C-alpha cells in the first residue's frame, strides 16, 4: 500500500496492538486471555505493519528473525515444565514464588504458569510472523 494515511496510522496501531497483547498475556492467568491470544494480537500488529510498509521494513522493525522468536519461546515453555522437576513434582506442575513476602503480606506472586504463557506468546508470535512474512515476500 502506498497511502500516506495508512502508513502513518499503522505506526500508532502497532504500538496499541502490542500493548494490548501484553495486557492480554498478563491477565490471562486468572481471566480470559493468555499467551495464545496475546501472541495472535501481537502478530496482527506486525502483519498490519507489513501490509502497509512491506515485509522488508517489517523484518527490520522486528529486529529478530521470527523463527528465532518462536524457538526461544519453545525453550522458555520447556523450562517452565522442567522447573517443577527440581522440586520433585510432576512435569509441568505449577510452581509459585512470592516476591517480597512478609508475615503480614503475601507478596507478588510469580509462577511457572506465567513463564509458560510467555513461552506460548513467543511461539505464536514468531510462527505466525514467519508464515505471514514468507507469504508476503512471495507476492
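Each value in this text was obtained by applying a stated rule to the coordinates, not by laboratory testing. Everything numeric here is computed off the predicted structure, so don't read it as measured data. Positions of Cβ are backbone-derived with ideal geometry, glycine not excepted, and every protein chain shown enters the neighbour counts.
Things to note:
- Length gained when the stretch residue 72-residue 30 is fully extended (0.36 nm per residue, less Cα-Cα span): 12.6 nm
- Angle in degrees between helix 112-138 and the longest Cα principal axis of the chain, rounded to the nearest 10: 20 degrees
- Three-way shape label, the stretch 18-94, alpha-carbon gyration tensor, a/c 1.5: oblate
- Order by protection proxy (mean Cβ within 10 Å, highest first), peptides 54-60, 18-24, 43-49: 43-49, 18-24, 54-60
- R0 of 25 Å, Cβ-Cβ distance residue 5-residue 57: FRET efficiency to nearest 0.05: 0.90
- For the stretch 58-119, the direction-averaged projected area of the alpha-carbon convex hull comes to 5.8 nm².
- Comparing 74, 122, 62 in a Gaussian network model of the chain (Cα springs below 10 Å), the most mobile by mean-square fluctuation is 62.
- Matching label, log10 I(q)/I(0) by the Debye sum over Cα atoms at q = 0.10, 0.11, 0.16, 0.22 Å⁻¹ computed from the structure shown, candidates [x] -0.86, -0.92, -1.22, -1.38; [y] -0.42, -0.49, -0.85, -1.25; [z] -0.48, -0.56, -0.91, -1.38: [y]
- One chain, two ends: residue 135 and residue 96. Fully extended at 0.36 nm per residue, the span grows by 9.9 nm beyond their Cα-Cα distance.
- Spatial separation of Cα centroids for the stretch 98-129 and the stretch 12-41, in angstrom: 13 Å
- The chain: calculated mean residue ellipticity at 222 nm from DSSP helix runs of at least 4, using -39500 (n - 2.57): -23500 deg cm²/dmol
- Helix 4-27 axis, angle to the chain major axis (alpha carbon atoms, nearest 10°): 10 degrees
- Crossing angle, helix 66-82 versus the chain [Cα axis fit, 0-90 degrees, rounded to tens]: 10 degrees
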